Amino acid sequence: MPNIREEYDVIVVGAGHAGCEAALAAARMGLNTICFTVSCESIAMMPCNPNIGGSSKGHLVREIDALGGEMGKNIDATFIQSKMLNKSKGPAVHSLRAQADKSDYSRRMRKVMENTENLFVRQAEVTEIMVKDGVIQGVKTLSGAQYFAKAVVLCTGVYLKAKCIHGDVSYETGPNGLQAANHLTASLIENGIEVRRFKTGTPARVDKRSIDFSKMTEQFGDKRVVPFSFETDPESVQKEQVSCWLTYTNEDTHKIIKDNIDRSPLYSGDIHGTGPRYCPSIEDKVVRFADKDRHQVFIEPEGLYTNEMYLGGMSSSMPEDVQYAMYRTVPGLENVRIVRNAYAIEYDCISAIQLKSSLEFKKIKGLFAGGQFNGSSGYEEAAAQGRYRHQRRPRPGPDGPGHRVHRQRRAHRGGVCGRHDLDGPQRKRPAHSPQRTGEDRPYGGRAPVRGARVSP
């Protein structure tokens with residue numbers, strides 16, 4: 001039976017935060033691009049924390065934006081609370097963090113993807129990479145369709161042979177019940193790519209109506225909001241914001257966890273993967289920091305049109321009954337009702353030492369990797385890798401595709417002051433001037449990206 005055969009310049013596998021940035025970068029440079037996803041409803045999905053930015057991460061969002069990325073613009077359009085962290089310290093460590101409406105964030109990014117010239121979004125599971133003489137040829141899907149390209153970017157996130165676990169319950173699925181990608185791993189191994197098993201986790205989501213906020217400390221957003229994107233009008237982001245809330249675990253919480261630690265798959269041996277970074281579960285915190293009598297718990301809204309609240313700081317893979325018991329010892333959560341259980345997720349990823357600095361595989365020319373598939377973690381880190389892969393390409397001439405991105409990169413390095421007016425004349429910083437004034441730079445004179453000078 002005949003199968004579909006199509007040709008593209010670039011194929012991107014996965015439409016998470018890395019995949020979106022990689023696909024948009026390629027398409028905006030004039031390259032005919034196709035982006036595969038297991039579900040079009042999962043484009044730029046936020047399966048864990050409902051926020052963008054924070055310490056170190058906020059700087060990455062600024063750099064993505066300086067290189068022509070979409071993440072900064074997307075969160076500026078969909079945030080429900082924004083706050084500059086570390087304001088009591090020097091400007092070098094100030095870090096912007098915004099709570100997102102998860103549904104709006106994903107919906108807007110999908111709209112951008114579907115309306116970008118040269119970019120086609122395709123719902124299908126990629127099951128095989130096609131390689132000839134150490135050079136990537138393209139990919140095959142579960143239906144047998146063949147897609148050929150000069151470059152393939154793997155941004156599979158946590159979906160490769162994904163398994164969600166809490167207690168002794170285990171089911172083969174991706175985040176939020178989405179379909180796992182169970183076939184591609186075998187093809188990668190056949191082509192000499194080393195695969196390893198990683199794990200990460202997420203807290204429970206609970207019903208807002210079951211929370212007693214009077215026992216918590218209200219956390220407000222900034223009165224004057226600073227946008228992430230250099231191209232966002234600061235006045236457009238001044239709006240009414242929602243609150244987050246702060247509470248703490250206690251000795252009762254820790255006792256329940258310790259008494260049931262043998263039922264945690266992290267400690268029983270049911271989870272074999274290692275974590276991509278030190279982002280501990282509440283079980284890890286209690287065991288490793290036994291001297292601490294409490295830990296912070298941030299209650300964060302998942303969006304404006306849902307009552308789901310995210311329990312930041314209490315990631316867990318404990319059994320369902322233990323989750324209820326430990327959550328209900330926290331002040332304000334005594335009568336909490338769980339909407340979605342906390343869980344750990346195991347997935348296949350690669351050893352990053354197989355990659356060049358360009359994120360291209362050493363063994364396979366034209367095959368690239370980005371995001372959590374590389375063993376990293378976090379929306380911002382993933383998006384930065386997706387964007388970075390296409391910033392490494394040779395730049396076309398002044399009238400060719402990709403010149404705008406090239407000029408943004410120059411601007412990021414300090415060659416352009418103030419907002420990046422890419423269509424107007426470029427103003428270089430005078431050699432004798434140690435820094436620009438606040439009038440010369442947006443956001444009160446604070447340098448928003450790495451490499452820019454700040455006031456002492």
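Results, tabulated for the structure shown:
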quantity: Virtual spin-label span in nm between D259 and K362, 7 Å along Cα→Cβ; calculated: 5.2 nm
quantity: Candidates per GluC sites (Glu not before Pro) in segment 68-135, loop by DSSP, up to 10 other Cβ within 10 Å; calculated: E117
quantity: Length gained when the stretch E334-E7 is fully extended (0.36 nm per residue, less Cα-Cα span); calculated: 112.0 nm
quantity: Given K57/K132; K102/K356; K163/K255; K89/K208, the pairs whose alpha carbons are separated by over 30 Å; calculated: K57/K132; K102/K356; K89/K208
quantity: Cα centroid separation, segment 306-339 to segment 1-44 (Å); calculated: 37 Å
quantity: Estimated FRET transfer efficiency (E320, A92; beta-carbon r; R0 60 Å; 0.05); calculated: 0.85
quantity: Alpha-carbon gyration tensor eigenvalues x 5, square-rooted, for segment 205-344, Å; calculated: 31, 18, 14
quantity: Those residues of segment 47-72 whose amide nitrogen sits under 14 Å from the label point placed on Q219, 7 Å along Cα→Cβ; calculated: 49-55
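Laboratory data are not the source of any read-out in this text; all were calculated from the coordinates shown. From a predicted model like this one, the values you see are computed outputs, not experimental measurements. Every residue, glycine as well, gets a Cβ built from its backbone with ideal geometry; the counts of neighbours run over all protein chains shown.
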